[in-house]
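As structure tokens, the structure follows; a few thoughts come after it.
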Amino acid sequence: MGRYDFKFGDTWISELGAVSTETPTIEIAQRDYELVKIPGKNGDDYIDNGRYENVPITRSISFVGRALFPVDEKVNNFINTYAYLQGYHTFEDTDHNDMVTEAVLLNFKEVNRKMRTLHSAKLKFSRKPYWFLKDGLKFQTVDLTTETPSLQFNNPFPAESEPIIKFGIFLDGNQSPATFSFRITTGGVSVVYTYDAVRSGITGDLSIWIDCEKRTVKMKSGAASSLLNISNIPKGFDVGSTLFEIMSGKSNLTEVLIAPRWRCL
């Protein structure tokens, strides 16, 4: 097999019997910007839209037949596997150890046709801008048995991360709010956030998921419930050290989990 290998979905391309026929060049996301012409002014104004664009990438692969494993069988196995990989799926490769991102395959029909006739094709993907450290996608647990529950994080990359924070609450049937607050100190700035989970009169577990990247708060519960007095969603974890602390309402919480989602270009 070739030295370069990649994984789309759950399967490495080498596991399907294919080899990469071209070593990819360096592929880095570009900022989304606009150049605006100003009449009477030399040059253009640069407007940064505050985001990175998806990265278009291509991967050229080929199949080589063997006596015990005919090439047509390899191709059919590949096509049957990739037929179910429409939309975004995880993408890994041997150039980014311990990292993962997401990509979408754009030209499956063309690949299908060429594979059946030429046993080789160029796969065209659009991948998301950031690579994520796999360990940073795992949830870390805040120890609620300590006097001041906290977690210390250290961002290994020069890019702000966008964590997912999960709070677990047990609703005991009271109508009074289950209030809790937490403080995030990152980039030398401390901000306290307060949440009030209104108890519904029905006993049950409530999970609150805060996705700092999507700027969303979702709740999962077997009982009707709601959140009141929600402050703004936390900002990302800055470069370097970040401290997360439970400030009040510890007795209302059953668990606190944080996935820092360390990322880089």
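Every number in this text was worked out from the coordinates using simple rules, so none of it is lab data. In this text, all values refer to a predicted model and were calculated from it rather than measured experimentally. As a convention, Cβ positions derive from the backbone with ideal geometry for all residues, glycine included, and neighbour counts pool all protein chains shown.
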Which listed pairs, of 109/166; 218/250; 124/218, have C-alpha distances above 29 Å, in listed order
109/166; 124/218
Calculated FRET value between residue 98 and residue 179, using beta carbons and R₀ = 45 Å, to 0.05
0.70
Could you tell me which GluC sites (Glu not before Pro) in region 74-177 are loop residues by DSSP with no more than 14 other beta carbons within 10 angstrom of their beta carbon?
147
Return the sequence-ordered ³J(HN,Hα) values of region 25-38 in whole Hz as given by the Karplus equation 6.51 cos²θ - 1.76 cosθ + 1.60 applied to θ = phi - 60°, using x for Gly and Pro.
7, 5, 10, 10, 5, 10, 5, 7, 9, 10, 9, 10, 7, 10
Which value in deg cm²/dmol, rounded to the nearest 500, describes the helix-derived mean residue ellipticity at 222 nm for the chain, given -39,500 (n - 2.57) per DSSP H run of n ≥ 4 and division by the residue count?
-2500 deg cm²/dmol
Hits in region 129-143: amide N under 18 Å from the 7 Å Cα→Cβ extension of residue 213, namely 129-140
Check residue 205: other-chain or 5+ apart residues with amide H under 5 Å from its amide H, H built from backbone geometry?
171, 222
Computed E for residue 152/residue 26 - FRET, C-beta separation, R0 35 angstrom, nearest 0.05
0.55
Between helix 71-82 and the chain: long-axis angle, C-alpha atoms, 0 to 90°, nearest 10
20 degrees
For region 48-110, which chymotrypsin sites (Phe, Trp or Tyr not before Pro) are both in a DSSP coil and crowded by at most 10 other Cβ atoms within 10 Å?
84
Going by amide H atoms built from the backbone, whose H comes under 5 Å of the H on residue 21, apart from near neighbours?
60, 61, 62
In degrees from 0 to 90, rounded to the nearest 10, what is the angle of the helix 108-118 Cα long axis to the longest principal axis of the chain?
30 degrees
Step through the residues of region 206-211 one at a time and calculate ³J(HN,Hα) from phi using the Karplus curve (6.51 cos²θ - 1.76 cosθ + 1.60, θ = phi - 60°), rounding each to whole Hz and writing x for Gly and Pro.
10, 10, 10, 10, 10, 9
Quick one: 161, 241, 120, fewest Cβ neighbours within 10 Å first, how do they rank?
241, 120, 161
In nm, to one decimal, how far is the modelled label at residue 42 from the one at residue 247, with both set 7 Å along Cα→Cβ?
5.2 nm
